[in-house]
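The values are calculated or read from the model by the stated rules, or taken from the named source; none is laboratory data. Since this is a predicted model, take the numbers as computed values, not measurements. Virtual Cβ from ideal backbone geometry, glycine too; neighbours counted across all protein chains shown. These accessible areas exclude ligands, DNA and RNA; they are computed on the full protein's heavy atoms, side chains included. Shrake-Rupley method; radii C 1.70, N 1.55, O 1.52, S 1.80 Å.
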Amino acid sequence: MDLFSHVLWTSVLGRNRLWHDEAILFALLPDAGYFLIMLYVLFGTPMNVNFADAMVTLPKGFMVIYYLLHSFVVFGVTALAVWKLKPKLLPALSAWFFHICMDIPFHDGVFGTRILYPLLPNFYIGGMSWGDYRVLAGSYFLLLATWFYLEMRELRKHRRRDNWLPDWIDRLEHAVGGLINPKPIPTAHAEGGDNARTPDRIPGEDRVGTGENQYHGPGAVPPPEAG
Ligand SMILES: [Zn+2]
């Protein structure tokens, strides 16, 4: 798919989430491989060489990077490492998985999505081109419908916050949360530790009324000692 669709889909699915920004980066990551290819086409070949001809002289390494970043094998290994080392990143990392899934049916030929690269380097399931206006129209329509559904759900949830019954999205988030963080972190009051007695006011935090936070801009009355 086009970069715009990848970013918009990730943005809609990850909106109001703490991991939203990281997810956008992971949604863009696979096409960093394509970005490198474009750099080669633009700057690595003479100006009068078109894209198709530039692809003929493209060093093999460029396509290897592109395929590796669009492979479930590479994603799986990375996800395992992230799960062990930094499980909090997993929700954001799912944007990478989602990017590969979106590309599978809509890329063909040399850019066909090699989902099992490098185990099966030539295997891909092509179909339609993402540039086909029907594909783009369908994607943007679905995007809008999904955004509308999530927005309405959020509104309903907000209105009925006292008697809201967990729906499938809540249950999914709960299940994923349990997977990522199997041991719930004990809360401060349950531990009865020192932080149960945090003072109401932290020294130096609240300066309202002491004169230090007052307006000093144009039109302000200068304090008497300033002359
Ligand atoms: Zn891609």
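Scanning the range 106-141 for residues that are touching a helix residue (DSSP H, G or I) at 6+ places or on another chain (Cβ under 9 Å), of a type in the set (A, V, I, L, M) and closer than 22 Å to Ser5 by Cα yields Val110, Ile115, Ile125, Met128, Val135, Leu136. Looking across the range 27-50, the residues that are open to solvent by 40 Å² or more (accessible area, probe 1.4 Å), within 12 Å of the ligand (Cβ to nearest atom) and in contact (Cβ under 8 Å) with a residue 24 or more places away in the chain come down to Leu28, Leu29, Ala32, Tyr34.
Counting only residues that are in contact (Cβ under 8 Å) with a residue 40 or more places away in the chain and open to solvent by 50 Å² or more (accessible area, probe 1.4 Å), which one in the range 1-20 is farthest from His70 (Cα to Cα)? Applying the filter and picking the extreme gives Asn16. On inspection, Ala23 fails the criterion of being out of contact with any Pro (no Cβ under 8 Å at 6 or more places or on another chain) and either modelled with pLDDT of 95 or more or of a type outside the set (S, T, N, Q) (or both).
Applying the set (1) within 16 Å of the ligand (Cβ to nearest atom); (2) under 30 Å from Ala54 (Cα atoms) to Asn122 leaves exactly one unmet item: (1).
In the range 59-100, the qualifying residues are those that are open to solvent by 50 Å² or more (accessible area, probe 1.4 Å), within 16 Å of the ligand (Cβ to nearest atom) and hydrophobic (A, V, I, L, M, F, W, C), and the one that is farthest from Arg15 (Cα to Cα) is Phe62.
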